[in-house]
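Step one of this worksheet: look at the structure below.
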Amino acid sequence: MTTDILTKIENRVLTITFNRTDKKNAITAAMYQAMADAMADANDNDDVRSILFTANGDAFTAGNDLIDFRDNPPLTEDAPVSQFLRQLVLARKPMVAAVNGIAVGVGFTMLLHCDIVYLSEAAQLSAPFVDLALVPEAASSMLLPARIGHAQAAEIFMLGKRMSAADAKASGVASDVFAADALAAAAEKAALALSKKAPASLQHTKRLMRGDKDAIAARMAEESKVFGAQLLSPELAEAVMAFMQKREPNFG
Ligand code: COA
């Protein structure tokens, strides 16, 4: 079992902590699997009333582990990353995120599935999928434009523009921004408060607010097809090689 993801259930809150600090919490297949399993269990466990995502170290997560992705491309529906993305859609319990630093790729797009998103002032969100020769995932090609508008979302996906904590709050991606040393307490307080609310009312409210799960799942499936094809492309090989060699990619 990996220790790169830590999970605990306390006071009816499931806390999932990114714990691969030396790699900026970049997410491997084992980490996706650990999160998917914990979330699937939480969905059916009456002792879990809310979920809190948090991170050790100075980053929230640098997103997919690029080397793991290149070497073991997740091409099937039961791949750990696909299981994790599915759990984001299936989640019945409210989800809180405490974003302490940089959140890249899925680290950003998973926030679109969270209900309360708290950022530290230092947090920066980015989803530079095109720079990596990839395409948006987690239904973010639908959810982000719906949240912030096409033109702003295009800057993020296509130009790789980073979103500051203040802009994330102003545009409705984040609920609130806190000083770094106040973030964890604020997020824990929110998760604990949710865990004490009337559970059926809370879950119905989340479902009503979230809209059509089938449409979200359908968009995820469509994205996954293109994402999978891009993972096998020469463009992706060049993007990952450039990352490893710490240089700009050359797409010809
Ligand atoms: N996959 C694999 N390894 C990663 C990683 C990723 N997504 N993100 C960071 N790492 C590794 C680095 O290779 C480095 O490893 P090393 O110490 O063995 O060289 C270590 O984590 C620290 O990262 P570093 O780049 O030195 O830190 P930084 O503070 O200068 O930059 C980031 C942090 C997140 C801005 C930068 O690492 C980055 O851009 N990562 C890629 C993000 C990305 O494209 N994610 C995929 C989205 S789909």
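The values are calculated or read from the model by the stated rules, or taken from the named source; none is laboratory data. Small disclaimer: the values here were computed from a predicted structure and weren't measured. Positions of Cβ are generated from backbone atoms using ideal geometry, with glycine treated the same way; all protein chains shown enter the neighbour counts. Surface accessibility is based on the protein's heavy atoms, side chains included, excluding ligands, DNA and RNA. Shrake-Rupley method; radii C 1.70, N 1.55, O 1.52, S 1.80 Å.
Amide H contacts of Asp65 (H built 1.01 Å from N, in plane; Pro and chain starts excluded): Ile27, Thr28 sit under 5 Å, all sequence-distant by 5 or more or on other chains.
Residues in region 97-112 carry Karplus couplings, in order, of 10, 10, 9, 8, x, 6, 10, 10, x, 5, x, 8, 5, 5, 5, 5 Hz; the curve used is 6.51 cos²θ - 1.76 cosθ + 1.60 with θ = phi - 60°, and Gly or Pro positions show x.
With the simple model of a label 7 Å out from the Cα in the direction of the Cβ, Leu232 to Asp46 spans 4.7 nm.
For the chain, the mean residue ellipticity at 222 nm estimated from helices alone is -14000 deg cm²/dmol, where every DSSP H run of n ≥ 4 contributes -39500 (n - 2.57) and the total is divided by all residues, rounded to the nearest 500.
Which order do Val130, Val99 take by accessible area at a 1.4 Å probe, largest first? Could the numbers behind the result be given before it?
On the way: Val130 75, Val99 0 Å².
The ranking, largest first, comes out as Val130, Val99.
In order along region 154-160, the Karplus-derived 3J(HN,Hα) couplings, from 6.51 cos²θ - 1.76 cosθ + 1.60 at θ = phi - 60°, round to 5, 4, 6, 6, 8, 8, x Hz, and Gly and Pro are given as x. A straight Cα-to-Cα reach below 17 Å connects Lys189 with the lysines Lys8, Lys93, Lys197, residues fewer than 8 places away in its own chain not being considered.
Remark: spin-label model distance Phe243-Glu155 equals 2.4 nm, labels positioned 7 Å along the Cα→Cβ axis.
Could you tell me whether region 208-252 comes out rounded, prolate or oblate from its Cα gyration tensor? Rule is a ≥ b ≥ c as square roots of the eigenvalues, rounded for a/c under 1.5, then prolate if a/b exceeds b/c, otherwise oblate. Taking the square roots of the gyration eigenvalues as a ≥ b ≥ c, region 208-252 is prolate. Note on the chain: dipole from Cβ charges, positive end direction compared against Phe251, Phe53, Leu134; the farthest Cα belongs to Phe53.
For region 44-126, what is the accessible area per residue in Å², given a 1.4 Å probe and the full set of protein chains? Please list the in-between numbers first.
Working: 2740 Å² over 83 residues.
Heavy-atom SASA per residue in region 44-126 reads 33 Å².
Please give, to one decimal in nm, the separation of the simple spin-label points placed at Leu6 and Thr21, each 7 Å out from Cα toward the Cβ. With each label point 7 Å from Cα toward Cβ, the separation is 0.9 nm. Expressed as a whole percent, the accessible area of region 136-227 that falls on carbon and sulfur atoms is 60 (1.4 Å probe). Protein heavy-atom surface of region 53-101, 1.4 angstrom probe: 49% of the accessible area is carbon and sulfur, with nucleic acids and ligands not counted. Charge dipole (Cα centre; +1 on Lys/Arg Cβ, -1 on Asp/Glu Cβ; no other charges) of the chain amounts to roughly 660 debye. Taking θ as phi - 60° and the Karplus parameters 6.51, -1.76 and 1.60, the scalar couplings of region 10-26 work out to 9, 6, 6, 10, 8, 9, 10, 10, 5, 9, 10, 5, 5, 10, 6, 6, 4 Hz in sequence order, x denoting glycine and proline.
Do you know the relative contact order of region 125-252, to the nearest whole percent, from alpha carbon pairs under 8 angstrom that are 6+ apart?
Working: 104 pairs, mean separation 43.5, N = 128.
Here the relative contact order equals 34 percent.
For a 25 Å ceiling on Cα separation, which of these pairs sit above it: Lys24/Lys161; Lys169/Lys206; Lys225/Lys246; Lys23/Lys206? Intermediate results must be reported in sequence, preceding the final value.
Working: Lys24/Lys161 19 Å; Lys169/Lys206 20 Å; Lys225/Lys246 29 Å; Lys23/Lys206 33 Å.
The answer is Lys225/Lys246; Lys23/Lys206.
Under 5 Å from the amide H of Lys24 lies no amide H of any residue 5 or more positions distant or on a separate chain, with H modelled from the backbone and absent for Pro and chain starts.
Over all projection directions, the Cα-based convex hull of the chain averages an area of 12.7 nm².
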